[in-house]
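Q: Have a look at this one.
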Amino acid sequence: MVPADIAASAASLRKLLEYHNHRYYVLDAPQISDAEYDRLFRELQDLESRYPELIMPNSPTQRVGGEIVATFEPVNHRSPMLSLNNAFSEAEVVAFDKRIREQLNLPQIEYAVEPKFDGLAVNLVYENGQFVSGATRGDGYVGEDVTANLRTLPALPMMLASDCPPARIEVRGEVLMLKRDFAALNAAQRAKGGKEFANPRNAAAGSLRQLNPQVTATRRLYFFAYAVGLSEGWASPTTQAEAMAQLADWYFPLAAERQVVEGVEGLLAYYRRIAEIRDELPFDIDGVVYKVNELDLQRLLGFVSRAPRFALAHKFPAQEATTQLIDIEVQVGRTGALTPVARLAPVPVGGVIVTYATLHNEDEIRRKDIKIGDWVNVRRAGDVIPEVVSVAVMKRPATVRDFVMPSVCPVCSAHIERLPGEAVARCTGGLFCAAQRKQALLHFSSRKAMNIDGLGEKLIDQLVDAELVHNPADLYRLDFQDLIALERMAEKSANNLLTAIHHSKQTSFARFIYALGIRHVGEQTAKDLARHLGTLANLLAADEQILQTVPEVGTVVAKSLLHFFAERHNLDVINKLTEAGVSWPAVTLPAANSTSPIQGKVFVITGTLPTLSREEAKAEIEAAGGKVAGSVSKKTDFVLAGTDPGSKFTKAQTMGIIILQEAQFMELLSGYQGE
Ligand code: IVH
């Protein structure tokens, strides 16, 4: 036998825990710390382990989930769980209100209105204030017994907060998953390679219908009450709104957005207000529900077939639709990120016609098993870009084909790289790619890069749109006439900008490297590269091994540098910049490089060098481990050019081969001869 005082302590602890549970999960206004809650919880656990007779299914300690079941038992609903008539237009709402007024012979009707939750309906039974069972809606007459799973819902009261609860009462409402819990669940599923859910409703349904309640317990399901079913021994209030207020007093979660409104104007204003805030709500809704507020009037109106005459669901345009994926195109973003985009057979979603939807990245396409030609489910929420959520595999045509990520950029033809550990493929055409132009220029002229005062986003937009500037090197070719022709450009600002551009030519090697906007090369890395490699020629010639001798440069940075310099367009821009006169004071190297930067490199010499003869230059190259070839080919690493260069020079330019002046060549050699 449990001593009376122990039983009383246990009962009061349960009550207290329910109270704080409600403060925390429903009102989002905890009154005690988590530690204090845990202390009370353990106190109850202690009592229950000392007196196991105290353990009851509704104890807060039992929410972690009970026994696994083989199937869900069928449950006959004592009163059927009806569906609602739907309206998709204001005209239908006007007709609904008119019918009711005529039937009741009343000039104006008061309505209780609330969101239409996009989850799954359940019926909960409380006897003498205790939760005894809960079932899904099923076909409205027979549902499934999910009592054990419902006990794990932290927001669902296991006992009514009342000293004189009804003998029996049915509470109806919707089980759903909050958007943030849905996002977290899918992220976790993704991390462990599990199946992701298409939307919060599917996630809620899948979680509530788990045979193992302990799984349900981990899913953080939520609940909103919206109606009272049969009741016994309850002094029922006279309105829907009061009934809801009673449920709130008993600790049931209710939508804060519920309201009482007058007449059809009130209904439509409410619909518009909720449509407006829909995306900010922490849960998905698919419309609003209107109910005649007076319960007596509800009874008078009664039912027609399977739906009440006193209520109406005014639905928002569906946010999901199925359509055919015609093709997958690849878009290049401002940062060079490649996004596969689905071109769709036009389909209305959420009130607009959708023709494109994002597929995020290559991995997502594989994971969702999306193929070109598939029937896909497309979702659009608010202003966000529509996305392909899943494939209707059953409808898959035999002609589908796989998507292959292109190996070159669809905009600039530069190579596409996908660095290890990254989901996103990128265009390496940084300085050249039209898609990245504005971003590259903005970065190039920024304060910590070339520091071109006055060259901001708006001006860059104008310059690029007017086709005056395609890449950073073009900035150095701008003249007064070009600038003054731009809209809102005064003489003074044009001159100021030209001066700023001119000044920026005198820079530092570190700033120059940083200005190139190479992925993973921030300000500090640029400084390190400048200090340790000393010259542009060294930087261009460095292989992965040499790059990794620079502090903080690992494989990722090294690969990114190599990719960048492997693009001939990028080298072309670099050449043009130095040709335009961008220069910097020589960097003193901290210690000589032990390896020759030109070891194994192939040179071609053209034109007359200012001081060295061709023979002398050749000797220098060979002494440092390089080779000299007679003509420019794919194997050429450097062209050493003097005055009046021949066709080799132009060929090198078109092939994007690094062109060195004699002075740069000497710098390159001195980089390792300093030992
Ligand atoms: S009242 C007699 N209110 O809509 C009226 N239903 O088509 C009973 N639903 O399966 C329903 N939000 O799950 C009502 N605020 C709300 C609702 C709501 C969602 C669902 C409910 C039912 C369906 C009816």
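Q: Say the cut-off is 24 Å between C-alpha atoms; which of K116/K179; K448/K651; K492/K527; K559/K635; K627/K651; K492/K576 go over it? Each step should come with its number before you reach the end.
A: Details: K116/K179 15 Å; K448/K651 35 Å; K492/K527 35 Å; K559/K635 20 Å; K627/K651 19 Å; K492/K576 28 Å.
Beyond 24 Å: K448/K651; K492/K527; K492/K576.
Q: Is the range 1-138 rounded, prolate or oblate when judged by the Cα gyration tensor, a ≥ b ≥ c being the square roots of its eigenvalues, rounded requiring a/c under 1.5 and prolate requiring a/b larger than b/c? Show your work: numbers first, answer last.
A: Numbers: a/c = 2.90, a/b = 2.15, b/c = 1.35.
Taking the square roots of the gyration eigenvalues as a ≥ b ≥ c, the range 1-138 is prolate.
Q: To continue, here is another question. Would you mind calculating the relative contact order of the range 529-651 from Cα pairs under 8 angstrom and at least 6 residues apart, reporting the percent as a whole number? Spell out each step's value before the answer.
A: Numbers: 125 pairs, mean separation 29.6, N = 123.
Relative contact order comes out at 24 percent.
Q: Need one number: nm distance between label points at L562 and Q524, each 7 Å from Cα along Cα→Cβ, rounded to one decimal.
A: About 2.4 nm, to one decimal.
Q: Now for a separate question. Could you please report the charge total around T152, scoring K, R as +1 and D, E as -1 over all other residues with beta-carbon less than 12 angstrom from its beta-carbon?
A: On the way: positive: R63, R151, R219, R220; negative: none.
So the surrounding residues net to +4.
Q: Quick check: residue separation of R180 and A398 times 0.36 nm, minus the Cα distance between them. What number comes out in nm? Can you show the working numbers first?
A: Details: separation 218, 0.36 × 218 = 78.48 nm, distance 3.77 nm.
Length difference between fully extended and current span is 74.7 nm.
Q: While we're on this one: Taking the Cβ of K438 as the centre, find all other residues whose Cβ is under 11 Å away and add up their charges (Lys, Arg: +1; Asp, Glu: -1). Don't skip to the end; give the middle numbers.
A: On the way: positive: R334, R437, K458; negative: E457, D461, D465.
Charge balance near K438 sits at 0.
Q: Among L297, T335, P410, which residue has its Cα positioned farthest towards the positive end of the charge dipole of the range 297-416, with +1 placed on the Cβ of Lys and Arg, -1 on the Cβ of Asp and Glu, and the dipole taken about the Cα centre?
A: L297
Q: Want the number for S33 to F480: 0.36 nm per residue separation, take away the alpha-carbon distance, what's left? Provide the component values of the computation, followed by the final result.
A: Values: separation 447, 0.36 × 447 = 160.92 nm, distance 6.72 nm.
Roughly 154.2 nm would be gained on extension.
Q: Check the straight Cα-Cα distances from K368 and name the lysines below 19 Å, setting aside those fewer than 8 residues away within the same chain.
A: K192, K195, K395
Q: How charged is the neighbourhood of G263? Take every other residue with its Cβ under 13 Å from the Cβ of G263, and add Lys/Arg as +1 and Asp/Glu as -1.
A: Neighbour charge sum, excluding G263 itself: -2.
Q: Could you point to the residue in P213, V464, S79 farthest towards the positive end of the chain's charge dipole, with +1 and -1 charges on the Cβ of Lys/Arg and Asp/Glu respectively?
A: With unit charges placed on the Cβ atoms, the residue in question is V464.
Q: Ignoring everything but the protein chains, give the 1.4 Å probe accessible area of W375 in square angstrom, nearest 10.
A: 80
Q: Using the Cα centre as the reference, give the magnitude of the dipole from point charges on the C-beta atoms of the range 203-259 (Lys, Arg: +1; Asp, Glu: -1; all else neutral), rounded to the nearest 20 debye.
A: Working: 4 positive and 4 negative charges, 81 e Å.
In total the dipole reaches around 380 debye.
Q: Would you mind getting me the FRET efficiency between D5 and V215? Use the beta-carbon distance for r and R0 = 41 Å, nearest 0.05. Present the calculation step by step, with values, prior to reporting the outcome.
A: Working: r = 38 Å, r/R0 = 0.92.
That gives a FRET efficiency of 0.60.
Q: While we're here: Suppose a student asked you for the relative contact order of the chain, using Cα pairs under 8 Å spaced at least 6 residues apart; what percent would you report?
A: Details: 1248 pairs, mean separation 59.1, N = 675.
Computed over the chain, the figure is 9 percent.
Q: Could you tell me how many degrees, from 0 to 90 and to the nearest 10, lie between the Cα long axis of helix 90-104 and the main elongation axis, the longest principal axis, of the Cα atoms of the chain?
A: Once rounded, the angle reads 10 degrees.
Q: Let me ask something else about it. Measure nothing but the geometry: give the 0 to 90° angle between the long axis through the Cα atoms of 179-191 and the longest principal axis through the Cα atoms of the chain, rounded to 10°.
A: Compared with the principal axis, the helix lies near 60 degrees.
Q: Translational diffusion coefficient of the range 560-675 at 25 °C, 0.890 mPa s, Stokes-Einstein with Kirkwood Rh over Cα pairs, in µm²/s as a whole number. Please list the in-between numbers first.
A: Numbers: Rh = 14.8 Å.
The Stokes-Einstein estimate is 166 µm²/s.
Q: In the range 192-229, which trypsin sites (Lys or Arg not before Pro) are in a loop and have at most 15 other Cβ atoms within 10 Å, using DSSP for the loop call?
A: Values: sites: K192, K195, R201, R209, R219, R220; in loops: K192, K195, R209, R219, R220.
Answer by residue number: K192, K195, R209.
Q: Amide H to amide H, which residues 5 or more places from V354 or on other chains are under 5 Å from it, using H placed in the peptide plane?
A: Long-range HN contacts for V354: V347, V349.
Q: OK, next. Per q in 0.18, 0.19, 0.25, 0.34 1/Å, what log10 I(q)/I(0) does a Debye calculation on the alpha-carbon atoms of the range 349-392 return?
A: Log-scaled intensity ratios, in q order: -0.50, -0.56, -0.90, -1.33.
Q: May I pose another question? Set the Förster distance to 22 Å, then compute FRET efficiency between L106 and E242 from the Cβ-Cβ distance, nearest 0.05. Walk me through the intermediate numbers first.
A: Numbers: r = 19 Å, r/R0 = 0.88.
About 0.70, to the nearest 0.05.
Q: Do any GluC sites (Glu not before Pro) in the range 467-508 lie in a loop, going by DSSP, with at most 15 other beta-carbon atoms within 10 Å of their beta carbon, and if so which?
A: Details: sites: E467, E487, E491; in loops: E467, E487.
Within the range 467-508, the qualifying GluC sites (Glu not before Pro) (loop, at most 15 other Cβ atoms within 10 Å) are E467, E487.
Q: Can you give the charge dipole size of the chain about its Cα centre, rounded to the nearest 20 debye, using +1 on the beta carbon of Lys and Arg and -1 on the beta carbon of Asp and Glu? Each step should come with its number before you reach the end.
A: Values: 71 positive and 81 negative charges, 246 e Å.
The dipole magnitude comes to about 1180 debye.
Q: In whole angstrom, and with the biggest value first, how far do the Cα coordinates of the chain range along each principal axis?
A: So the three principal-axis extents are 110, 65, 57 Å.
Q: Give me the percent of accessible area attributable to carbon and sulfur for the chain, probe 1.4 angstrom.
A: On the chain, the fraction of accessible area on carbon and sulfur atoms equals 52 percent.
Q: Round to the nearest 10 and give me the degree value, 0 to 90, for the angle of helix 4-21's Cα axis relative to the longest principal axis of the chain.
A: Tilt relative to the chain: about 50 degrees.
Q: Pick out, from M177, L254, S236, the residue whose Cα sits farthest towards the positive end of the charge dipole of the range 162-281, with +1 on the Cβ of Lys and Arg and -1 on the Cβ of Asp and Glu.
A: Checking the options against the dipole of the range 162-281, the answer is M177.
Q: Follow-up. Largest first, what is the accessible-area ranking of Y37, Y356 with a 1.4 Å probe?
A: On the way: Y37 55, Y356 90 Å².
Largest accessible area first, the list is Y356, Y37.
Q: Let's see if you can work this out: charge +1 on each Lys and Arg Cβ, -1 on each Asp and Glu Cβ, no other charges. What is the dipole magnitude of the range 1-86 about its Cα centre, in debye to the nearest 20?
A: Details: 8 positive and 12 negative charges, 49 e Å.
Charge dipole, the range 1-86, about its Cα centre: 240 debye, nearest 20.
The values are calculated or read from the model by the stated rules, or taken from the named source; none is laboratory data. Keep in mind that this is a model prediction, so the values were computed, not measured. Neighbour counts run over all protein chains shown; Cβ positions are idealised from the backbone, glycine included. Surface accessibility is based on the protein's heavy atoms, side chains included, excluding ligands, DNA and RNA. Shrake-Rupley method; radii C 1.70, N 1.55, O 1.52, S 1.80 Å.
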